Amino acid sequence: MTSSVSTLDARIEVELGSFRLGIDLAVAAGQVVALLGPNGAGKTTALRALAGLRPLSGGHIRLEGQTLDDPGARLFVPPEKRAVGVVFQDYLLFPHLSALDNVAFGPRRHGSTKTQARALASAWLGRMGLADLADRRPRHLSGGQAQRVALARALAVNPALLLLDEPLAALDARTRVDTRAELHQHLHGHPGATLIVTHDPLDAMMLAEHLVVIEDGTIVQQGDAASITAQPRTDYIARLVGLNLYQGTATGTSVTLPGGFNLTTTQPLVGQAFVAFSPSAVSLYQQKPDGSPRNTWQATITGIHRHGDNLRIQLGGPMVTAADVTPAAAAHLHLNPGQHIWAAVKATETRAYPA
Amino acid sequence: MAADRHGRARIPLALLIPAIAGMAFLVLPLAGLLIRTPWATLPRRLAEPGVLAALGLSLQTATIATLLCMLFGVPLAWLLARTNFPGRRLVRALVTVPLVLPPVVGGVALLLVFGRRGLIGSWLDDTFGITLPFTTAGVVLAEAFVAMPFLVIAVEGALRGADSRYEEAAATLGATRWSTFTRVTLPLVAPGIGAGAVLCWARALGEFGATITFAGNFPGRTQTMPLAVYLALETDLQAAIVLSLVLLTVSVAILAALRDKWITP
């Protein structure tokens with residue numbers, strides 16, 4: 001973490017049958033952190049624990065120096081007493097209240113008079129560009145509007161920690177782009193700590209400055225978007241950022257994969273190492289190619305899919321690889337599933353880094 | 001199998017005939033009531049003081065009983081639906097006993113507890129001088145006893161059907177459990193409470209067995225419509241028909257009012 005003083009300092013341990021969640025999280029005031037991971041990784045469980053909707057089995061949650069949950073000390077602050085705001089995945093706007101009263105709900109519970117709460121809510125809706133929708137019931141709001149009302153509702157109680165659960169998942173693709181930009185602006189205006197839970201790497205990278213990637217209940221990698229996309233450390237992240245990723249044992253510029261295949265790289269390393277390269281760096285040939293220093297191997301085509309303007313060819317063989325070729329090249333090579341083919345990657349196109 | 005022009009299989013006679021017989025069995029007695037109604041003398045008979053007194057008492061006691069049931073039944077339903085205390089399933093089973101209990105037995109049980117020599121009745125009598133049996137309050141008590149399970153079950157069902165995550169959202173906004181209940185839960189399940197209250201009211205309005213056992217049959221004090229019907233049957237068939245018609249009208253009106261909102265499957 002870059003920040004020395006963290007608003008949120010948590011060690012979240014939850015046991016759910018055979019599933020164990022154990023992650024450390026620290027978020028500074030004004031910082032936006034994304035908790036990124038596949039479905040079932042434990043993201044939502046972590047969010048519920050932070051909000052007080054599920055008690056910890058171990059660890060601790062401290063927010064602005066106050067302990068909110070510490071099973072060891074038999075301490076648990078219930079959700080209504082925590083300075084935590086939550087934007088739920090499907091927003092959970094109260095269907096019987098207008099947009100204005102949904103936003104005024106929190107301030108009202110925190111002791112504001114009805115007039116004060118409504119004035120505050122009105123100001124928040126104005127800031128979200130929803131002033132003229134204040135009287136609408138949630139079912140008469142579009143997805144993007146409901147998302148903004150939910151954000152206003154969560155922010156209206158001045159939470160020290162703002163939690164967002166898949167904030168853009170319920171929106172269609174078109175609305176997503178606009179809402180993401182707006183959300184980015186609002187989140188960075190929030191003085192407290194912000195934690196976004198998402199399985200969408202694009203949302204995470206666009207909205208957060210620090211990413212925490214979890215799989216099966218543990219943190220597998222964290223850092224800023226650039227370092228994570230450049231040097232993925234698990235297949236999940238490699239798939240998210242669209243890279244082929246291998247782990248093996250490095251001896252100089254040669255990395256030996258578990259199957260015995262040697263990949264030549266340009267970065268000399270010793271010991272366990274990752275090698276990553278882009279699918280577009282893979283070239284396919286009918287005959288064994290020769291020439292500049294390359295990694296070449298014989299592979300079998302296991303699948304062909306459209307990928308943007310190109311075709312993505314799935315290859316089996318000494319290593320499972322994705323290769324991107326143009327439709328013209330694919331036609332020229334007569335690519336078909338089951339076909340044997342030669343694949344090549346230049347050493348300069350690979351990236352090697354210690355595991 | 002034979003099929004009609006729309007491609008649907010023909011209804012088997014083995015199902016159709018009993019179905020029609022069943023329908024006739026339910027509808028014919030009501031038709032008989034309408035056919036035998038002395039329409040010419042109806043307005044005069046309706047205006048008789050005895051009829052009006054019984055109707056007024058019925059509406060009054062059924063309404064008070066329903067309010068009592070809501071006051072105690074909604075929290076009970078909430079407890080059953082939203083908390084998990086030891087013995088919850090047993091409590092739930094006990095609460096529904098009056099549904100299947102013959103109302104006369106309910107009346108006897110009420111007498112044993114709230115009668116002048118009953119467990120609570122003797123204490124009420126000694127301490128406050130309050131007597132429940134054979135009073136209008138006794139009618140309310142008998143009706144509430146029999147009708148409350150209808151409300152509890154309807155409201156519990158509504159609570160279980162309502163998304164409890166709204167309550168979690170309210171908690172994260174600083175709402176205590178009580179204000180969550182009043183500000184979020186109650187509005188969300190209001191239709192269910194309404195449906196339960198109407199069912200409860202209709203059951204209270206028709207209550208006979210427990211009422212006559214616990215509260216007796218005193219005109220103007222404990223004689224509700226069903227009791228008046230029963231008494232009139234012994235002396236004046238026409239009067240009994242008129243009273244029955246009034247109850248039928250009220251019941252059908254409730255059903256009609258409910259149909260769109262809550263009863264449609």
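The values are calculated or read from the model by the stated rules, or taken from the named source; none is laboratory data. In this text the structure is predicted, and so the values were computed from the model without any measurement. Glycine also receives a Cβ, built like all others from the backbone with ideal geometry; neighbour counts cover every protein chain displayed. For accessibility, only protein heavy atoms count, side chains too; no ligands or nucleic acids. Shrake-Rupley method; radii C 1.70, N 1.55, O 1.52, S 1.80 Å.
So the values come out like this:
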{"read-out": "A:GLY40, sole failed condition from (1) closer than 24 Å to A:ASP224 by Cα; (2) loosely packed, with under 15 Cβ neighbours inside 10 Å; (3) more than 20 Å from the chain's Cα centre (by Cα)", "value": "(3)"}
{"read-out": "Members of segment B:154-178 found to be open to solvent by 60 Å² or more (accessible area, probe 1.4 Å), assigned to a helix (DSSP H, G or I) and either of a type in the set (S, T, N, Q) or more than 11 Å from chain A (Cβ to nearest Cβ) (or both), listed by number", "value": "B:ARG160, B:GLY161"}
{"read-out": "Pairs with Cβ under 6 Å, 6+ apart, first in segment B:19-35 and assigned to a helix (DSSP H, G or I), second surrounded by 10 or more Cβ atoms within 10 Å (Cβ to Cβ)", "value": "B:LEU33/B:SER244"}
{"read-out": "Members of segment B:49-68 found to be of a type in the set (A, V, I, L, M), more than 22 Å from B:VAL155 (Cα to Cα) and touching a residue at least 60 places away in the same chain (Cβ under 8 Å), listed by number", "value": "B:VAL51, B:ALA53, B:ALA54, B:LEU55, B:LEU57, B:LEU59"}
{"read-out": "Count of residues meeting criterion [part of a helix (DSSP H, G or I), at pLDDT 95 or above and more than 22 Å from A:ARG174 (Cβ to Cβ)] in segment A:126-151", "value": "0"}
{"read-out": "Residue match in segment B:179-199 (condition: in contact with a helix residue (DSSP H, G or I) (Cβ under 6 Å, 6 or more places away or on another chain), over 20 Å from B:PRO75 (Cβ atoms) and without any contact (Cβ under 8 Å) to a residue 60 or more places away in the chain)", "value": "no"}
{"read-out": "Odd one out for A:ARG74 among (1) closer than 29 Å to A:SER6 by Cα; (2) open to solvent by less than 60 Å² (accessible area, probe 1.4 Å)", "value": "(2)"}
{"read-out": "Every residue from segment B:127-153 that is open to solvent by 30 Å² or more (accessible area, probe 1.4 Å) and in a helix (DSSP H, G or I)", "value": "B:THR127, B:PHE128, B:THR136, B:ALA137, B:LEU141, B:PHE145, B:MET148, B:PHE150, B:ILE153"}
{"read-out": "A:PRO55 being within 14 Å of chain B (Cβ to nearest Cβ), surrounded by fewer than 17 Cβ atoms within 10 Å (Cβ to Cβ), over 19 Å from the mean Cα position of the chain (by Cα) and farther than 18 Å from A:ALA154 by Cα", "value": "yes"}
{"read-out": "Lone unmet requirement of (1) assigned to a strand (DSSP E or B); (2) under 26 Å from the mean Cα position of the chain (by Cα); (3) hydroxyl-bearing (Ser, Thr, Tyr) for A:THR302", "value": "(2)"}
{"read-out": "Residues satisfying the stated conditions in segment A:308-319, i.e. open to solvent by 20 Å² or more (accessible area, probe 1.4 Å) and touching a residue at least 24 places away in the same chain (Cβ under 8 Å)", "value": "A:ASN310, A:LEU311, A:ARG312, A:GLY317, A:PRO318"}
{"read-out": "Enumeration of residues in segment A:191-223 that are open to solvent by 50 Å² or more (accessible area, probe 1.4 Å), within 24 Å of A:GLU64 (Cα to Cα) and touching a helix residue (DSSP H, G or I) at 6+ places or on another chain (Cβ under 9 Å)", "value": "A:GLU209, A:GLN222"}
{"read-out": "B:LEU188 surrounded by 18 or more Cβ atoms within 10 Å (Cβ to Cβ), within 14 Å of another protein chain (Cβ to nearest Cβ) and within 27 Å of the chain's Cα centre (by Cα)", "value": "yes"}
{"read-out": "Single residue of segment A:137-166 satisfying the filter (more than 11 Å from chain B (Cβ to nearest Cβ) and small (Gly, Ala, Ser)) that is most open to solvent (accessible area, probe 1.4 Å)", "value": "A:SER142"}
{"read-out": "Selected residue [of a type outside the set (S, T, N, Q), within 24 Å of the chain's Cα centre (by Cα), under 29 Å from B:GLN223 (Cβ atoms) and part of a helix (DSSP H, G or I)] from B:LEU99, B:LEU94", "value": "B:LEU99"}
{"read-out": "Subset tally (residues that are open to solvent by 40 Å² or more (accessible area, probe 1.4 Å) and touching a helix residue (DSSP H, G or I) at 6+ places or on another chain (Cβ under 6 Å)) for segment B:109-122", "value": "5"}
{"read-out": "Looking only at segment A:79-107, and only at residues there that are over 22 Å from A:LEU195 (Cβ atoms) and surrounded by fewer than 24 Cβ atoms within 10 Å (Cβ to Cβ), the one that is farthest from the other protein chains (Cβ to nearest Cβ)", "value": "A:LEU100"}
